[in-house]
Structure formats: C-alpha cells, structure tokens
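Note sheet for the following structure.
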Amino acid sequence: MSTEKAMRREYSAAKRAWVVVPLAQAIALGIAMASYCSIVGAVTAAGTGIVVLLAAAIARELAGRRYGRAEELRRALVRTNGWGKRPDGHALLLLLAEGSSTESWDPPPIGEYFDSPHPTGARRTAHIVEQAAFFTVRHASTMATVCLMLTALCFGIGVALLWLVANGQASPSAEPAFTQAAGALLAFVPTSEFLSLWSGYTRLRSVARRAVEHCGALARQESPDDEHVAFVVGSYDAGLAQGPPVPGLIYRLERDRLERAWAQHEAGPLAPASGGQHG
C-alpha cells in the first residue's frame with residue numbers, strides 16, 4: 001500500500017470517529033430540553049448524559065490516535081515528495097501495518113496530492129506546504145464559523161431554559177424546579193465543547209496563514225535555505241497536529257472552489273501547478 005493511500009485512510013478513520021463528538025453534544029442538548037419539558041426524568045437525563053459524554057471522550061481519544069498516525073504518514077510523504085529523502089523504513093512499515101483497513105470516505109484528490117513544478121528540495125517542499133496550508137486556512141475558517149454559531153445557539157438555549165425556570169415558567173411536572181434547572185444546565189456542556197472547537201480551529205487558521213505567507217516567500221526564492229524551510233514546515237506540522245480535524249463534508253463542499261482559488265493564487269509569482277488536494 002502506498003504512503004498516500006494509507007494516509008488518506010487514516011485521516012478518514014479519524015474523521016469518522018470524530019463525528020461522534022459533535023453528535024454527542026447535540027444529544028446532550030436534546031437531553032437538556034427533554035429534561036426541562038419532563039419528557040425524561042432527572043435520573044434518566046443524568047444517566048444518559050454521562051453515557052453520551054463518555055462516548056464522546058472515547059471517540060475523541062480514538063480520533064486523536066488515528067489523526068496522529070495520519071499526520072506521521074503525511075510528514076513521511078512530505079519528506080519523500082518534497083525533500084526527496086526516504087523516510088525511516090522500519091517506522092513507516094509499522095505505521096502502514098497499524099493503519100486502517102477501511103477505504104477512505106473522502107473524495108480522491110484532483111491531480112496529484114502534492115504537486116509542484118520545482119525539483120525535490122527546499123523550494124519544492126516550501127511550495128507544496130504552502131499549497132496545503134492554503135487549503136487549511138479556508139477549511140479552518142469555515143469550521144470556526146460553524147462552531148461559533150453552534151456555541152451561540154447552545155448558550156442561548158441554556159440561558160433561555162434557566163430563565164424560564166427562574167421566572168416560574170418551569171414545565172408542569174412532578175419534578176421540582178431545581179431538578180429542571182439542573183437538566184437545563186446540560187445545555188452548557190455542548191456550549192463548552194463547541195467553544196473549545198472554535199478556539200482550536202481559530203488557532204489552526206492562524207498557523208496555516210503564517211505557513212502560507214512564509215512558505216510562499218520561500219518558494220519564490222531560487223535557493224531557499226534548507227534550515228529556514230525546515231523550521232517553517234515544522235511549525236506548520238506542529239500546529240496541524242494539535243488542531244481538530246476538518247470534517248470530510250467541508251472538504252467535499254469547498255474542494256472545487258478552493259482548487260480554482262489556488263490556481264488564481266498560483267498564476268501570480270509562481271508558474272501554475274496542476275491541482276492537488278490537501279486535507
């Protein structure tokens with residue numbers, strides 16, 4: 001199996017596991033509303049909430065492991081495709097052996113995954129990382145906006161439920177008002193989660209923007225310094241590894257438009273390259 005195929009499988013597996021995280025937050029929000037409306041009792045709401053949050057924690061851990069393995073494969077691919085150097089064969093074999101056996105659910109790349117007109121070396125590496133970061137900026141911006149909207153929605157619902165209980169508008173049931181208030185507090189669990197995701201995507205966007213700027217400047221030099229390129233690429237790799245994954249749906253929706261935007265970006269100081277997919 002090629003390194004690229006294994007990498008795409010791992011990214012897809014990480015995204016599938018990560019989907020459980022926002023889904024769990026949506027369920028927690030539903031439980032909060034159901035508890036207020038007395039559709040479920042306090043004990044049921046608390047028990048279900050604990051199970052849902054535990055499932056989210058497990059999914060986050062599994063997604064993190066898959067994503068970390070995918071990032072190692074991506075760095076190995078950059079080392080081969082960009083620098084023209086062979087990665088550690090033993091370490092690569094271990095990564096391939098531990099990889100997902102399920103095919104990637106994401107659409108295949110348009111053209112080569114990493115594409116550049118430059119020969120292997122520092123300049124090519126800067127160029128392909130600039131292209132990858134260019135895509136990451138837009139994907140992270142979209143997800144930051146989505147998470148901020150969900151944060152506001154969950155916070156608004158939580159405040160509204162607490163306000164209703166505090167003003168004597170508790171749902172008529174056998175449950176006391178303080179129990180309904182406790183159920184309403186569940187709405188602030190997804191609020192915190194989506195706020196954390198917004199922060200993660202915002203940081204990722206900032207890291208990617210710096211990479212586009214710095215790698216773009218280096219790629220426009222005839223002979224950029226190897227150490228400078230390695231430092232910039234390493235900073236981007238670190239930021240990417242710490243950021244949350246971008247859902248495959250976002251990539252599907254934005255892929256074609258971003259390919260056109262990259263082609264326009266390329267038409268400036270650099271000769272156009274023939275596409276590629278990054279993320």
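Counting neighbouring Cβ atoms within 10 Å and putting the fewest first, the residues Leu249, Leu186, Leu195 line up as Leu249, Leu195, Leu186. A protection proxy built from the mean count of other Cβ atoms within 10 Å ranks the segments 207-215, 253-261, 115-123, most packed first, as 207-215, 115-123, 253-261.
This ranking places Glu103, Glu130, Glu72 by how few other beta-carbon atoms lie within 10 Å of each, fewest first, which gives Glu103, Glu72, Glu130. A full extension of the chain between Leu249 and Leu54 corresponds to an added length of 67.7 nm, given 0.36 nm per residue minus the alpha carbon distance.
A short reminder: the numbers here are calculations on the coordinates, not readings from a lab. Predicted model only: the values in this text are computed from it and were never measured. Heads up, the Cβs are rebuilt from the backbone with ideal geometry, glycines too, and the neighbour counts pull from every protein chain shown.
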